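Below is one structure, written out as structure tokens, with a few remarks after it.
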Amino acid sequence: QVQLVESGGGLVQAGGSLRLSCAASGRPFSLYVMGWFRQAPGKEREFVAAISRSGGSTDYADSVKGRFTISRDNAKNTVYLQMNSLKPEDTALYYCAADLRLVEGITRDGYKYWGQGTQVTVSS
């Protein structure tokens, strides 16, 4: 089992940047595929980005491609989401997620472990 704690959310103007962090504790962090998801008020939770165990593979939703970057530091048990050129439509509660994988790979669904979320609000 792994515990996830997000941080780094806040209020930012359109065009600005934020970096979210997700600290993990529990089993070896390097065994987990990691993902970021978000949920805006009145909408379903949606995939944002994912990164493989080694960090060698990444995947992004079309809506954030070219603006967001996911990365991880396995020595620090932390995954990051660098968000640039933020738009008001990026406003949401952002969640970190983890799934134990025995082999290198990446996924957009099937995550078993979730954090509590960190709020990102982008003003126009």
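Data for the structure
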| item | result |
| --- | --- |
| Residue-normalised accessible area of the chain, given per residue in Å² at a 1.4 Å probe | 50 |
| Fluctuation leader among A23, A75, A14 - the chain, Gaussian network, Cα springs under 10 angstrom | A75 |
| Anisotropy class of the chain from Cα gyration tensor, a/c 1.5 cut | prolate |
| Heavy atoms of R67 accessible to a 1.4 Å probe, total area in Å² rounded to 10 | 30 |
| Most fluctuating residue given options G110, G56, G16, as computed from a GNM of the chain linking Cα atoms under 10 Å | G110 |
| Area of S124 that stays accessible when all protein chains are in place (1.4 Å probe, Å², to 10) | 140 |
| Rounded accessible area of D109 (nearest 10 Å², 1.4 Å probe) | 100 |
| Whole-percent carbon and sulfur share, accessible surface of the stretch 33-124, 1.4 Å | 46 |
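The values are calculated or read from the model by the stated rules, or taken from the named source; none is laboratory data. Every value quoted in this text rests on a predicted model; they were computed, and no experiment measured them. The area values use the complete protein model at the heavy-atom level, side chains included, leaving out ligands, DNA and RNA. Shrake-Rupley method; radii C 1.70, N 1.55, O 1.52, S 1.80 Å.
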